[in-house]
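Heads up: the structure comes next, in structure tokens.
The values are calculated or read from the model by the stated rules, or taken from the named source; none is laboratory data. Bear in mind that the values here come from a model prediction, so they are computed numbers and not experimental data. Cβ sites come from the backbone with ideal geometry, for glycine too, and all protein chains shown count toward neighbours. Just the protein is used for accessible areas: all its heavy atoms, side chains included, with ligands, DNA and RNA removed. Shrake-Rupley method; radii C 1.70, N 1.55, O 1.52, S 1.80 Å.
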Amino acid sequence: QFRSAASGRRRRKMACVLGSSAVFGVPARPSAPLDNLNLAQAAPCTTFMECLQRDMSGRNSNFYEYVQIGANVGDTSLDPVAEAARKSKWKGLLVEPDPAAFAVLTGEDRDRSIDGYKYEQVVIGSQAEAANGTITFYSVSPDVDRLTSVDSRSGASLPPTVTRLSSTSRAYLLEHAAALFTDKGLDAEQYITGELAQCKDINQILTESEVGSFIKEHGGPLETFRLLMVDTEEHNAKVLMALDLDQRAFLPHYLTYKTSSLTADEIAQLETKLSAKFQHRETDADAAYWWREPTNCEVTDCTATAATSFAARSR
């Protein structure tokens with residue numbers, strides 16, 4: 001009976017070790033949850049970025065991943081969320097459909113100090129749009145420099161916001177660009193370009209780029225998808241409404257998106273969908289921020305991983 005109990009303890013100990021991430025060449029899971037933020041004891045955040053930076057604090061493993069839908073030229077001085085992610089040295093998937101912005105984003109003079117970055121020039125749309133494979137995409141002419149916002153035709157310096165405008169709706173783009181060009185004595189109609197572009201939904205791009213691949217390959221136990229940022233103007237709702245929340249690998253720990261271009265109905269729809277998996281952490285100016293308690297080792301994943309590994313070692 002003593003030997004039987006001892007054997008049981010040894011088996012439980014082995015299952016715990018095999019169920020840890022150390023089996024797959026990453027640091028072993030600590031006895032306490034890695035990302036237990038003790039939110040109930042934490043002081044309330046006063047701003048959206050304060051919440052995010054507090055949640056990200058100390059999580060600087062380059063094994064983690066973040067995805068930015070609408071990366072533009074990658075200028076972190078205009079994007080504090082992207083800046084925080086890069087400072088954490090996480091692997092990144094940067095998606096930008098505007099050809100001129102994408103050329104700057106991936107140019108030879110860009111910062112290559114962070115390994116593990118992937119870049120995709122693709123429109124992220126709804127599942128219905130993605131089913132067609134392509135969509136007409138409108139952006140500001142490349143004559144307007146994406147870094148300096150200077151128009152090479154007239155020599156005029158336009159507001160930086162001009163170069164960040166793009167849409168699958170020409171009417172929407174004109175509505176938001178017209179006054180900016182008119183102020184410089186220019187006709188926005190002459191600066192809107194449209195071309196057929198590749199279109200995918202968010203689940204396709206996450207799958208093809210192997211985001212959360214550790215979970216998909218091993219069934220857990222380590223969740224690597226840390227942060228999802230979505231900034232696609234009026235398209236944010238349809239991008240996020242397509243996200244498959246039943247795919248654990250596709251669930252980031254932190255999720256942020258712009259709300260300024262969304263309707264009240266779209267904001268309500270997103271809140272209903274996301275509240276099933278996330279906690280609404282903060283809304284600051286035109287951004288919403290959602291948080292999910294990371295689980296580095298769920299019971300079912302650990303059991304499955306341990307059993308598979310033990311069987312393989314016993315052969």
Study note, to complete from the structure: If we ask which residues in region 89-103 are open to solvent by less than 30 Å² (accessible area, probe 1.4 Å) and either part of a strand (DSSP E or B) or modelled with pLDDT of 85 or more (or both), their number turns out to be 9
Review point. Regarding ILE135, is this residue of a type outside the set (Phe, Trp, Tyr), modelled with pLDDT of 90 or more and open to solvent by less than 60 Å² (accessible area, probe 1.4 Å)?
Key: yes
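Taking the stated definitions as given, is LEU180 at pLDDT 95 or above, among the hydrophobic types (A, V, I, L, M, F, W, C) and open to solvent by 10 Å² or more (accessible area, probe 1.4 Å)?
So LEU180 passes the test.
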Practice item. Could you tell me whether SER260 is of a type in the set (Ser, Thr, Tyr), within 20 Å of GLY125 (Cβ to Cβ), open to solvent by 50 Å² or more (accessible area, probe 1.4 Å) and at pLDDT below 90? Key: yes
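Let's see how each residue does on (1) aliphatic (A, V, I, L, M); (2) closer than 20 Å to LEU196 by Cα:
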| residue | (1), (2) |
| --- | --- |
| LEU93 | yes, no |
| PRO97 | no, yes |
| ALA101 | yes, yes |
| THR106 | no, no |
| ILE124 | yes, yes |
| PHE137 | no, yes |
| SER149 | no, no |
Check your understanding: Do we have GLY194 as on the phi > 0 side of the Ramachandran plot, surrounded by fewer than 17 Cβ atoms within 10 Å (Cβ to Cβ) and in contact with a Ser or Thr (Cβ under 9 Å, 6 or more places away or on another chain) here?
Key -> no
Check your understanding: For region 204-233, how many residues meet the condition of being of a type outside the set (Val, Ile, Thr), closer than 12 Å to ILE69 by Cα, part of a helix (DSSP H, G or I) and at pLDDT 90 or above?
Key -> 1
Study note, to complete from the structure: Only one of ARG110, ARG86, ARG153 is at pLDDT 90 or above and of a type in the set (Lys, Arg), namely ARG153
Practice item. Select from region 152-168 the residues that are in contact (Cβ under 8 Å) with a residue 40 or more places away in the chain and not in a loop (DSSP other than H, G, I, E, B) and write down the one among them that is surrounded by the fewest Cβ atoms within 10 Å (Cβ to Cβ). Key: PRO160
